[in-house]
Each structure stands twice: as C-alpha cells, then as structure tokens.
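Working notes for the structure below.
Laboratory data are not the source of any read-out in this text; all were calculated from the coordinates shown. Bear in mind the structure is a predicted one, so any value in this text is a computation, not a measurement. Here Cβ is always computed from backbone atoms with ideal geometry, including for glycine, and neighbour counts include all displayed protein chains.
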Amino acid sequence: MKVADRRRLRRARMAALGLAPALGTSSAPASALDVARELGALQAQDYSSGVWSLGVRSGLTREEIEQAVLDREIVRTWPMRGTIHWVPAEDARWMCELLAARVLGSVQTRHRELGLDEQDTARARDLFEQHLTEPMSRPDVVALLARAGIDSSGQRAYHLVGYHCMTGLLCQGPLIGKQPSFVLIDAWVPTSRQPSREEAMATIVERYVRSHGPVTEKDVAGWVAGTLGFAREALALLGDRIVRDEVDGQTWLTHVDARPAPNGPTGVHLLPQWDEFLLGYKSRDVTLPDEHVARVVPGRNMVFQPTLVVDGEVAGIWKRQERKDGVVVEVTTFTPLSATARRGLEASAAAYGRFLGRDVVLRVEEG
C-alpha cells in the first residue's frame with residue numbers, strides 16, 4: 001500500500017475511534033455512555049486498561065467513569081468473542097444473545113476439560129438467580145458456589161460466571177473494594193432494549209463501521225466473531241449507509257456519517273493495553289508496522305503492551321509504576337521523537353494524570 005494511502009486510512013480511523021479529536025474535551029467531556037454507544041463496545045479484559053479506554057476518549061476521570069457504572073449507564077460483560085467489554089447497559093442483554101452464542105460451543109469444550117457438566121451449569125444458574133439480585137464480589141460468588149457443593153477451584157468458578165454472563169443472565173456491577181462484582185442483568189439494568197434479530201445485527205455492525213472505519217468485511221466478521229455471511233447480511237441491511245472504497249485492491253468500508261478525518265497529523269496518544277485501536281481489527285498492518293509486532297505482542301499470544309501512538313501509528317510501548325506520591329509512566333520509543341511529538345507525549349502523560357487524579361512523572365527511553 002502506498003504511504004499516502006496508509007496515512008489516510010490511519011487518520012480516518014483515529015477520527016472514527018474518537019481519538020482525534022477526542023469525543024470529549026476538557027471543557028465538555030463526553031459521557032461514558034456516549035463513548036460506549038458510539039463505539040458499540042470497548043475491550044476491557046483488564047479493568048484499569050478498560051477505564052482508560054473510556055477516559056482517553058471522553059476526558060472523564062476514572063472516578064467519573066466509575067460513577068457511570070454506579071448510575072447503571074454502562075456495564076462490563078462478555079458480549080462477544082468470549083472477551084470482556086464495556087457496553088451500554090441497555091444493550092448488554094441483546095448483544096450477548098446475538099453474539100456470544102457463537103463461542104458457547106468452545107466454552108462447553110473447556111467446561112468438559114475442567115470437569116464441569118450441564119448439571120453444574122444449571123445449579124450455578126439457579127444460585128445466581130436466587131442470590132445475585134444485588135452486586136456480589138467475585139470472592140463471595142466463589143464462596144457461594146462452594147457452599148452449594150459446586151467445585152469452584154482452579155478456573156471453574158471463572159468459567160461458570162463467564163458462561164452466565166455470555167448467555168445474558170449476569171453482568172458485572174461496580175467494584176466492591178478492589179474486586180469486580182456480578183449481578184443479574186434484570187436486577188441491575190433499568191431497561192434492556194429488545195430489538196429484533198435484524199435490527200440488532202444492523203445496529204451492532206453500523207456502530208462498528210462508523211466507529212472503526214475504514215474496515216474490511218473480514219474486520220467486521222472478526223470483531224463480532226461471526227462468519228463473513230453474517231457480516232455481509234448485516235451490511236446489506238444497512239444499504240447505502242455503508243460507503244465502499246477501493247484502495248490497493250482492497251475494499252474498505254466506512255459509514256456515510258463517519259467523523260471527518262483531520263487534514264494533518266492526529267497527535268500523540270498513550271493508549272491502554274487492550275484498546276480498540278489494535279484489538280478492534282482482524283488485520284493491524286495499517287497501524288502496526290510488521291517490524292514492531294514482536295515488541296508490542298512479545299508472545300504473539302494476543303497479550304498486547306500499552307502503546308505509544310503517533311499520528312495513528314504505533315511508535316513505542318509504555319508501562320506504569322505505582323509510587324506513594326504518584327505514578328511513573330515509562331515510555332520506550334521505537335525511533336527518536338521529534339520535538340513536536342515529544343511535546344504531544346508530555347501532554348498525553350498529563351492527561352493520563354488528570355484521569356487518575358494523581359501526579360505523573362514521565363520517563364522516556366528513545367529507540
């Protein structure tokens with residue numbers, strides 16, 4: 001692909017992802033619900049990573065995002081790919097019912113490996129329906145299973161809870177101390193939308209293309225863990241709201257109402273470990289050069305490092321270290337930064353400090 005075409009695709013994606021410009025600014029933050037609804041879902045396997053994915057787009061603090069959870073506007077659950085995401089609370093159930101079913105077969109295989117059978121799954125459901133009318137911490141859920149005689153050792157409790165999140169019975173509630181909690185969706189969510197299957201398919205794919213485009217059909221199918229047939233059926237439902245563009249022999253999809261891409265560079269961002277910027281695509285070669293893949297994903301096992309992104313391209317990795325008096329952000333760049341990029345990095349580190357409500361010390365090792 002030509003350099004100019006790659007740059008254009010990267011900048012369009014940064015705008016679509018709510019990063020350049022951000023969906024919220026310091027003077028007018030977007031709500032956490034706005035961000036979740038705009039993106040459809042945001043990766044949130046790791047809690048701290050997930051809240052920063054919302055924070056970097058909204059301008060909200062971590063405390064404000066956690067208030068949105070308490071206000072039951074957003075929830076963290078397993079809607080697709082067997083992976084935890086932030087989603088609008090009102091959409092959690094139908095998203096699970098539409099999308100999670102595709103991975104339940106492989107989950108059953110894992111259940112057999114762990115010695116879990118259908119009786120265990122059914123007994124766990126009965127317990128959850130009886131006791132999780134209010135949020136219960138993860139350790140207390142494990143103890144609940146154990147008291148009922150269900151072996152909760154190893155990964156058994158995790159898989160039982162995850163299974164019933166994927167079926168749309170449970171979602172995560174607010175943190176209890178430092179522990180995640182679980183609660184019945186019906187008891188926690190004020191109102192759950194109930195779209196038809198076609199409306200649900202069109203909604204989730206439209207949100208994805210609008211918030212991630214330009215994308216390919218394979219990106220669509222990969223994001224929802226569906227077949228190409230599923231992706232094409234949903235895209236057909238959207239009709240002329242999807243715009244197709246040929247670049248270097250590949251068809252790229254964008255939404256007719258896509259956010260305008262900046263004419264110039266899209267700035268510098270410190271993005272979390274599991275962010276839609278990389279995890280939201282089947283192929284990442286537009287934004288992650290091949291020569292840097294091994295440093296971003298050292299084990300080639302989908303465990304990503306937090307990334308430094310300059311003008312829509314991964315330009316380094318970073319990590320945080322906790323100190324009593326604040327947080328140290330250590331950045332390793334792949335190549336030396338320009339003076340402009342260095343100033344952008346300093347601004348991004350300051351924004352991360354405002355999000356945390358803590359002092360941040362920035363340390364940079366340039367490659």
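Here are some notes:
- In sequence order, calculated HN-Hα J values of region 318-327 (Karplus, 6.51, -1.76, 1.60; Hz; x Gly/Pro): 8, 8, 10, 10, 7, 10, 4, 9, x, 10
- The angle between the Cα long axis of helix 3-16 and the longest principal axis of the Cα atoms of the chain comes to about 50 degrees, rounded to the nearest 10.
- Between 0 and 90°, nearest 10: helix 138-147 axis offset from the chain longest Cα axis: 20 degrees
- C-alpha center-to-center spacing [region 251-266, region 110-129] in angstrom: 45 Å
- Within straight-line cross-link reach of K319, lysines at Cα separation under 22 Å, skipping those fewer than 8 residues along the same chain: K178
- Residues whose amide H lies under 5 Å from that of I176, counting only those 5 or more places away or on a different chain, are S181; hydrogens are built 1.01 Å from N in the peptide plane.
- Here the simple spin-label model places points 7 Å from the Cα toward Cβ, and for E291 and R241 these points are separated by 4.2 nm.
- For the chain, the Kirkwood hydrodynamic radius comes to 21.4 Å, computed from all pairs of different C-alpha atoms.
- For region 268-365: relative contact order, % (alpha-carbon pairs under 8 angstrom, 6 or more apart): 27 percent
- Cut-off under 5 Å, modelled amide H: who pairs with T216 long-range: L253
- Which of S53, S211 has the fewest Cβ neighbours within 10 Å, and the rest in rising order: S211, S53
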